[in-house]
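K.L.:
One structure, pasted below without further comment.
The values are calculated or read from the model by the stated rules, or taken from the named source; none is laboratory data. This one's a predicted model, so the numbers in the text were calculated from it and none came from an experiment. Cβ placement follows ideal geometry from the backbone for every residue including glycine, while neighbour counts extend to all protein chains displayed. Protein only, heavy atoms only, side chains kept; ligands, DNA and RNA dropped before computing areas. Shrake-Rupley method; radii C 1.70, N 1.55, O 1.52, S 1.80 Å.
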Amino acid sequence: MKNTALTAEHEALGAKIVEFAGYKMPIQYHSIRAEHLRVRNTVGIFDVSHMGEFIVTGPDREKFLHYATVNDVIAMTPGQVQYNCMCKPDGGIVDDLLVYKFADHMMVVVNAANLDKDWKWLNSVVRGDVKLENKSDDFSLLALQGRHAADILKTMTRTDLTKIKYYHFEEGEVLGHKAIISRTGYTGEDGFELYIGNDAAVPIWRAILEAGKPYQIEPIGLGARDSLRLEMKMCLYGNDIDETTNPLEAGLGWITKLAKADFVGKSAIEKVKNAGLTRKLVAIEVEGSAFPRQHYPIEDVNGNKIGEVTSGTVSPVLNKGIALGYVPVAMSEIGTVLAITCHGKPVPAKIVKPPFYQRPY
Amino acid sequence: MNVPGDLLYTKDHEWIKVENGLAIVGITEFAQGELGDVVFVQLPSIGQSAKQGEAFGTIEAVKAVADLYAPISGEIVEVNTVLNDAPETINREPYGAGWIVKIKPSNLDAEAKPLLNPAAYTDHTSA
């Protein structure tokens with residue numbers, strides 16, 4: 001198992017460590033629920049250094065990524081971040097990812113669990129004059145998330161954070177260390193992701209925990225990362241999307257630009273669109289005190305199985321069971337009444353308009 | 001890890017304490033740590049009978065759900081209603097305020113034999 005630059009910090013903080021994508025990662029420090037609410041109420045810091053970073057250079061770098069992914073990479077402006085995914089020729093999703101456009105290169109940020117697969121996949125569809133480099137081991141990645149993220153970070157950098165809009169980034173310094181300061185995250189809160197060198201990880205991590213004390217900052221584990229993203233209906237690869245799901249049924253039509261001349265998977269996705277979707281990923285709220293979990297059956301009111309929970313938890317904000325899952329299009333309307341069999345017992349549920357949570361600021 | 005010396009344990013991580021002819025039942029420090037934040041406890045009804053090794057309730061945590069197994073057979077004579085409003089009491093005080101039910105044992109002498117003493121339970125959790 002690999003360590004991140006911060007594994008010893010997590011152990012010293014008493015985190016419960018699990019293996020995730022080959023890394024020793026903190027699942028929680030003391031309580032998933034408390035950590036979740038900390039991010040919702042003030043601010044928290046995550047070590048997500050397990051994520052993968054590929055650097056793409058060469059004159060055809062944009063054309064290549066435009067072809068390899070479903071979103072419009074050509075339309076990006078320098079300093080912009082784009083949520084995107086790449087598909088197989090049959091339309092199945094290889095991974096979801098972030099694309100960063102720098103003046104002279106592109107950066108692609110991928111899920112740790114898919115890093116090797118993505119690396120092989122991108123190399124297998126490569127075209128034009130481009131160079132791909134896997135720089136995942138050279139970056140540490142911290143996510144500072146919550147309404148007070150900027151209050152903390154502005155004391156540690158000369159970069160004017162007010163000029164960085166959502167889904168944009170700037171190259172600058174944090175405590176004198178080179179950093180890509182990206183206004184992105186996986187929580188639904190305001191916040192920043194900091195791509196830094198491994199030698200900068202411990203000093204910046206400690207300084208953020210210190211500077212965040214007025215806001216009761218806490219380190220946040222992967223457990224709360226999962227429940228935070230689920231309250232926002234953000235997809236998790238391996239749960240809600242994978243090679244057997246296409247972007248349209250996953251609710252990722254907004255990033256799938258079928259008007260593009262060509263991209264890997266386009267004809268298959270077009271076919272799906274023309275034939276009409278068979279199923280859709282929906283957000284479901286459960287009534288009662290049993291909670292949905294991955295793979296629990298979703299049933300119609302007559303008890304017929306119509307789908308399966310892909311992600312489920314108890315929402316710390318709503319104090320209710322919340323779930324994502326695929327159901328037939330005919331049963332995917334907001335307000336549709338269903339049941340989820342939780343731990344052997346059918347529990348009433350209904351489809352709701354996502355997200356489950358909206359930040360109040 | 002905290003394994004009090006005056007309790008008996010099951011391999012499923014429940015504990016019992018026999019006091020005044022009643023068996024108080026809860027889950028262990030180890031079990032609450034594995035489960036994480038407890039968010040709901042499905043308690044049995046008073047008067048219901050419990051059978052050794054069979055489920056009498058469920059415990060829902062953020063990350064997992066687990067059945068509660070009766071360490072011994074008997075009648076449920078009391079349930080900890082504090083857990084309805086404050087299920088997290090199990091995380092804070094698994095051996096104290098976080099107790100779950102009291103059972104009036106029907107066959108205690110025979111059924112206590114397969115239960116684990118503190119040393120055996122400690123071995124069980126470190127295996």
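K.L.:
Which residues, counting only those in the range A:78-101, are open to solvent by 10 Å² or more (accessible area, probe 1.4 Å) and either closer than 29 Å to A:I181 by Cβ or under 13 Å from the mean Cα position of the chain (by Cα) (or both)?
P.N.:
Within the range A:78-101, A:P78, A:G79, A:Q80, A:Q82, A:Y83, A:D96, A:L98, A:K101 qualify.
K.L.:
Please go through the range A:66-86 and give me each residue that is farther than 21 Å from A:D226 by Cα, in contact with a helix residue (DSSP H, G or I) (Cβ under 7 Å, 6 or more places away or on another chain) and part of a strand (DSSP E or B), ordered by number.
P.N.:
Hit for the range A:66-86 is A:M86, nothing else.
K.L.:
Take the residues of the range B:52-64 that are in contact with a strand residue (DSSP E or B) (Cβ under 9 Å, 6 or more places away or on another chain) and open to solvent by 30 Å² or more (accessible area, probe 1.4 Å): which is farthest from the other protein chains (Cβ to nearest Cβ)?
P.N.:
B:Q52
K.L.:
Looking only at the range B:34-44, decide whether some residue is under 14 Å from the mean Cα position of the chain (by Cα), part of a loop (DSSP other than H, G, I, E, B) and within 14 Å of chain A (Cβ to nearest Cβ).
P.N.:
yes
K.L.:
Ok, one more. Going by what's in this entry, would A:G44 be described as open to solvent by 10 Å² or more (accessible area, probe 1.4 Å) and more than 14 Å from chain B (Cβ to nearest Cβ)?
P.N.:
The answer is no for A:G44.
K.L.:
Mind listing whichever residues of the range A:19-54 are among the hydrophobic types (A, V, I, L, M, F, W, C) and more than 19 Å from the chain's Cα centre (by Cα)?
P.N.:
A:A34 - this is the single residue of the range A:19-54 that is among the hydrophobic types (A, V, I, L, M, F, W, C) and more than 19 Å from the chain's Cα centre (by Cα).
Residue-by-condition table, conditions (1) basic (K, R); (2) surrounded by fewer than 19 Cβ atoms within 10 Å (Cβ to Cβ):
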| residue | (1), (2) |
| --- | --- |
| A:V108 | no, no |
| A:N114 | no, no |
| A:R127 | yes, yes |
| A:L142 | no, no |
| A:Q145 | no, no |
| A:A149 | no, no |
| A:L153 | no, no |
| A:D160 | no, yes |
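K.L.:
Based on this model, can you work out whether B:N91 counts as modelled with pLDDT of 95 or more, buried (at least 18 other Cβ atoms within 10 Å of the Cβ), under 15 Å from the mean Cα position of the chain (by Cα) and facing another protein chain (nearest Cβ under 10 Å)?
P.N.:
So B:N91 passes the test.
K.L.:
Sort through A:R225, A:R279 and tell me the only one that's under 27 Å from A:V352 (Cβ atoms) and either within 14 Å of another protein chain (Cβ to nearest Cβ) or in contact with a His (Cβ under 7 Å, 6 or more places away or on another chain) (or both).
P.N.:
Every option except A:R225 fails the conditions.
K.L.:
Report whether or not A:I27 is within 14 Å of another protein chain (Cβ to nearest Cβ) and either of a type in the set (F, W, Y) or part of a strand (DSSP E or B) (or both).
P.N.:
It is true that A:I27 is within 14 Å of another protein chain (Cβ to nearest Cβ) and either of a type in the set (F, W, Y) or part of a strand (DSSP E or B) (or both).
K.L.:
Within the range A:30-65, which residues are in a strand (DSSP E or B) and over 23 Å from A:E171 (Cβ atoms)?
P.N.:
Across the range A:30-65, the qualifying residue is only A:G44.
K.L.:
Let me ask you something else. Any residue at all in the range A:292-309 that is closer than 14 Å to B:V39 by Cα and either more than 14 Å from chain B (Cβ to nearest Cβ) or open to solvent by less than 10 Å² (accessible area, probe 1.4 Å) (or both)?
P.N.:
Yes; the residues of the range A:292-309 include at least one that is closer than 14 Å to B:V39 by Cα and either more than 14 Å from chain B (Cβ to nearest Cβ) or open to solvent by less than 10 Å² (accessible area, probe 1.4 Å) (or both).
Here is a yes/no grid of residues against (1) among the β-branched types (V, I, T); (2) surrounded by fewer than 14 Cβ atoms within 10 Å (Cβ to Cβ); (3) not in a strand (DSSP E or B):
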residue	(1), (2), (3)
B:I76	yes, no, no
B:L83	no, no, yes
B:P87	no, no, yes
B:Y95	no, no, yes
B:G98	no, no, yes
B:I103	yes, no, no
B:D109	no, yes, yes
B:Y121	no, no, yes
B:T125	yes, no, yes
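K.L.:
Please count how many residues of the range A:244-286 are under 20 Å from A:L230 (Cα atoms) and over 20 Å from the mean Cα position of the chain (by Cα).
P.N.:
Counting residues in the range A:244-286 that are under 20 Å from A:L230 (Cα atoms) and over 20 Å from the mean Cα position of the chain (by Cα) gives 3.
K.L.:
Filter the range B:4-20 down to residues that are part of a loop (DSSP other than H, G, I, E, B) and buried (at least 20 other Cβ atoms within 10 Å of the Cβ), then give me how many there are.
P.N.:
3
K.L.:
Working only within the range A:333-351, note down all residues that are open to solvent by 20 Å² or more (accessible area, probe 1.4 Å) and away from chain B (no Cβ under 14 Å).
P.N.:
The answer is A:E333, A:I334, A:G335, A:T336, A:V337, A:P346, A:P348, A:K350.
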